[in-house]
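Taking it in order: structure first as C-alpha cells, then the write-up.
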Amino acid sequence: MQTKALAPEYQGALTKMSVNASLTDALAEGVRHLRQAERSGSQEEGARAGLAVAEAHLRLGQVAEADRAWKASYRAARAAGNTGAMAWALWSGGTLARQRGSLRLAFRLLGLAAEAGKQGGDVVARGYSLAGLAETGRIQGDYATVATLHEQLLAEARARGEARHTVWALEGIAQIHRNTGSLDSALEMFEEAAALAGEADDRRGRAWALRGIADIVSLRDGATARALDLLAEAEVACREMNLSSALAYNHKMRANALFRAGRYEEAHEVYEQALGEFRAMDEPRGEALASLGLVKARARLGRDRGATAAELDELRGRLDRIGLLNAREMVERAYTELGVEPASAGARSAGPASADACGAERAAGGRDGRR
C-alpha cells in the first residue's frame, strides 16, 4: 500500500501537487499552467492543466466554470491525439454530470471515459472511470448492479497499492451496507477507511469516512455527541481544503444527527444551511436530501399535515425526475413516519423521468465533440 495518497487528476506540470492542496491553490496553479500551455501551443499540457482546473471548479461548487473547463480539456486532448488525456476529461465531465443530477449523462460520459482509458492504455483513468460508474449506480440506489463492481475495484486498488482509491472503494461498499441495513459491517469499513486515509495523509478521504462513522453511531447507537465531534473534526479538513460539496454533506449529516436526537429546531437550522450550500453549487441530490430533512423537521415542529404532504409530493416527483431510487424510498418512508397521505392521487405513480434526459441534454450544452 502506498504510504501517501496521490492525486492522479493533477498531471503534467502539476504532478507534484498534494492531494491535500487547497482547492483555491490548485485552481490558481492549474490556471497558471493552462495559460503557459496556451502560450507555448502545447495542446497536451493544456489538456492536463485544464483537467486540474475543471476538478478544482467542480469541488468548489463552481458548476458553469467546471463545465467549460472539462470540455476545453477534452478538445485539447483530442487535438493532441492523447486518448488517455481524453479519458480523464470525460471522467471529469461524467463526475460533474453526476453532481448536477444528470445521471444518464454521467453513465454515458463515464462509460466513454472507461473505454478511452482502455484504448489509451491508462489503467488509472480506466479505474477511476469504472469507479465513477459504480458510484453513480450507488448514488442512484441500484446496489444490486454495482456492489460487485465496488468489490472488484477494491481488490484492484489493494493489489496496486493505491491508498486513495482503496479508501474510496471501502467507503462506497460501506455506504451500500449502511443503506441496506448492515450497520455493523458498514461501521467496520468506514473505520478501516478512516484509518487508512489517516495513514496515507488523504484528508479528503478521511473527512468522508468520518462522516460515515458519524452517521452509523448516530443511527445505531444514538451517540449524538460522538457523531457531532466526528463531524466537527471532518469539517476542519473540509474548510481548510475548501471542499464545498463535502462540507455541505457534512452539514446535512450534522442535521441528521440532531434530528435523530429530537433536537428539531437545531436540525431545522442546519438543514437550511446545507440546503443553501447545495443550491449554490447546483447539486440537486444534496438539495433534495436537505429538503427532505427540512420537511421532516418542520413537521416535528408542528407544520400543517396537508402542507407536509404537499411538500413530500413535490420532493418525490423531483427525485423521480433525477432517478434517485434510494432517496425516493426515503420519501416514501417519510409519509408513514410523519403520518400523512399523499396530497395528490398521482403522487406515488410518477415515473422516472424522461425529464432526466432533458436535463442531460441541457448539461451536455450541445454538440462539441468532447465525448
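The values are calculated or read from the model by the stated rules, or taken from the named source; none is laboratory data. The structure displayed is predicted, hence computed values, not measured ones. Heads up, the Cβs are rebuilt from the backbone with ideal geometry, glycines too, and the neighbour counts pull from every protein chain shown. Just so you know, the surface numbers come from the protein's heavy atoms only, side chains and all, with ligands and any DNA or RNA stripped out. Shrake-Rupley method; radii C 1.70, N 1.55, O 1.52, S 1.80 Å.
Considering only protein heavy atoms and a probe of 1.4 Å, how much of the accessible area of the chain is carbon and sulfur, as a whole percent? Don't jump to the answer; show the numbers that get you there.
Values: 7410 of 15050 Å².
So the carbon and sulfur contribution to the accessible surface is 49 percent.
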#### Entry: Nearby lysines by direct alpha-carbon distance to residue 16 (threshold 19 angstrom, same-chain neighbours under 8 apart not counted)
4
### Summary
The alpha-carbon center of region 246-292 and that of region 1-59 are separated, in whole Å, by 31
### Task
Using per-residue counts of other Cβ atoms within 10 Å, averaged over each peptide, order 286-295, 10-19, 78-87 from highest down.
286-295, 78-87, 10-19
## Note on the structure
Diffing region 142-153: the Karplus 3J(HN,Hα) column from phi (6.51, -1.76, 1.60, θ = phi - 60°), in whole Hz with x for Gly and Pro, holds 8, 5, 4, 6, 9, 4, 5, 5, 4, 5, 4, 5
### Query
Taking θ as phi - 60°, what are the ³J(HN,Hα) couplings along region 186-197 by the Karplus curve (6.51, -1.76, 1.60), each to the nearest whole Hz, with x for Gly and Pro?
4, 5, 4, 6, 4, 5, 5, 4, 4, 5, 5, 4
### Query
If you place +1 on the Cβ of every Lys and Arg and -1 on the Cβ of every Asp and Glu, how big does the dipole about the Cα centre of the chain come out, in debye to the nearest 20?
840
### Query
If the cut-off is a Cα-Cα distance under 13 Å, which aspartates and glutamates reach residue 71, setting aside same-chain residues fewer than 8 apart in sequence?
55, 368
